[in-house]
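Beneath this line is the structure, given in structure tokens, with notes to follow.
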Amino acid sequence: MQEWDRNLISRRAPMASHPRSATPAPIGPVGLCPLVWGFGFLPEGEHAPEVSLLAAAPQSGQDSFQLGVARAFAPLLEDLGADPDRVIRIAGLDPALLTDPNAVLSLGAFCALIARSGACTGCPHFGLLLGQRIQLPALGLVGGLMRHSETVGQALHNLIRHVETHSVGATTALNAQDGTAVWNCAVYEPGTDCADQVADAAAAAGTNLLRALCGADWSPEEVLLPRAVPGDEAPYRAAFGAPVRFNREAAALVFPASQLDQPIPGADPERARVLRQILRDQARLSAPDFTTRLRQLLRTELMQGGCTAEKVAGRLSMHRRTLARRLSAEGTAFSVVADQGRFEIARQLIDHTDIPFAHIAAALGFSEASAFTRAFRRWSGESPSAWRAGHRR
């Protein structure tokens, strides 16, 4: 078994209870350095154009999706009987944006477009259908590097390391232990609506990526989704070809860890080397601000409980005082960013799942449900039960 960079993939860190357990349990892996997972959208059978270094870099500090070729929205809307231009304009966007290979779309605008598309088409699983149209070439340079990686594990390693060039606002991580791999994705940007739709798209896209690497007949052992059980589960079973577990804390694909060592046929090591260097140069042009990087890390750490400034500073290889100075220079503090992260996780789970409040409280490290209720009321001005009653779509 190959030894991976322990800052990216942990094979020995303790995992939460197995995803098949009856009680929803945190699945965020321990000991990982979560980076941004971005999406490119490309109609099936087409290939992404060459992407310049400057054009491919999202604006530093802005939560955004580097769309690449974003032409899958319009065909999907047409297939569902909607007028793409009208839907895109209702979402407050210029339709020309989705034909621009170098366009950068804010995460909020991306979510608004998914929400409006679902409303206009009457399709409650629009994100799932959109994700099914995401293919490996849509990731541009990152997709090329994955295609020419030596093994499936190295391909995912490269995705996690380099995909921040495509978007900011969601985080992905991989954990492999005791023969099981769990690859998850979660939105961390505060105030993001339709995180459930983004999770659907992420899981469907991830399935396509692994099918491109492992073979067209690949399917996960199971899929975890942070949404309530839908009225119609059939589209989900058809998309994944595997059991789907709803009411989970993050989107995740579960599969045998042995598949991480599967060779990728036709991989070209020299081409991979060139692409890796280009992406390293590109990353230097597009590094997010420190607070954004911290939010990425906290999205995983907060689900493990006991998330302190000292612990996070250690993960970032710096002293706690250095962490405080860096955040102060950006006009914030660790307690503020951590509370924003806790509220965002809690809000998403309350909005989109039926997970009991006691389980959410435990997942976020609260000693008892009453402490979580007090904190949530401080963050939002409402109790968790009132929020769920008033915000459930």
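The values are calculated or read from the model by the stated rules, or taken from the named source; none is laboratory data. The model shown is predicted, which means the values in this text are computed figures rather than measured ones. Here the Cβ positions follow ideal geometry from the backbone for every residue, glycine too, while neighbour counts run over all protein chains shown.
Quick notes
- Note on the range 188-222: residues that are in contact with a Leu (Cβ under 6 Å, 6 or more places away or on another chain) and within 25 Å of Thr151 (Cα to Cα) amount to 7.
- Test: Val229 is part of a helix (DSSP H, G or I) and within 28 Å of Asp79 (Cβ to Cβ): no
- Which numbered condition Thr300 misses (of (1) in contact with a strand residue (DSSP E or B) (Cβ under 7 Å, 6 or more places away or on another chain); (2) modelled with pLDDT of 95 or more): (2)
- Residues located in the range 223-248, provided they are over 17 Å from Gly131 (Cα atoms), touching a residue at least 60 places away in the same chain (Cβ under 8 Å) and either touching a Lys or Arg at 6+ places or on another chain (Cβ under 9 Å) or hydrophobic (A, V, I, L, M, F, W, C) (or both): Ala228, Val229, Arg245, Phe246, Asn247, Arg248
- In the range 276-296, of all residues being farther than 21 Å from Gln154 by Cα and of a type in the set (A, V, I, L, M), the one that is modelled with the lowest pLDDT corresponds to Ala287.
- Condition met for Thr373 (more than 24 Å from the chain's Cα centre (by Cα) and outside the structural domain of Leu225 (by TED's automatic domain parsing)): yes
- In the range 303-345, of all residues being within 17 Å of Phe372 (Cβ to Cβ) and either assigned by TED's automatic domain parsing to the domain that holds Ala250 or modelled with pLDDT under 90 (or both), the one that is farthest from the chain's Cα centre (by Cα) corresponds to Gly306.
Results for (1) in contact with a strand residue (DSSP E or B) (Cβ under 8 Å, 6 or more places away or on another chain); (2) not aliphatic (A, V, I, L, M), shown as yes or no for each residue.
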site: Ala202; (1), (2): yes, no
site: Leu210; (1), (2): yes, no
site: Arg248; (1), (2): yes, yes
site: Arg271; (1), (2): no, yes
site: Thr291; (1), (2): no, yes
site: Gln296; (1), (2): yes, yes
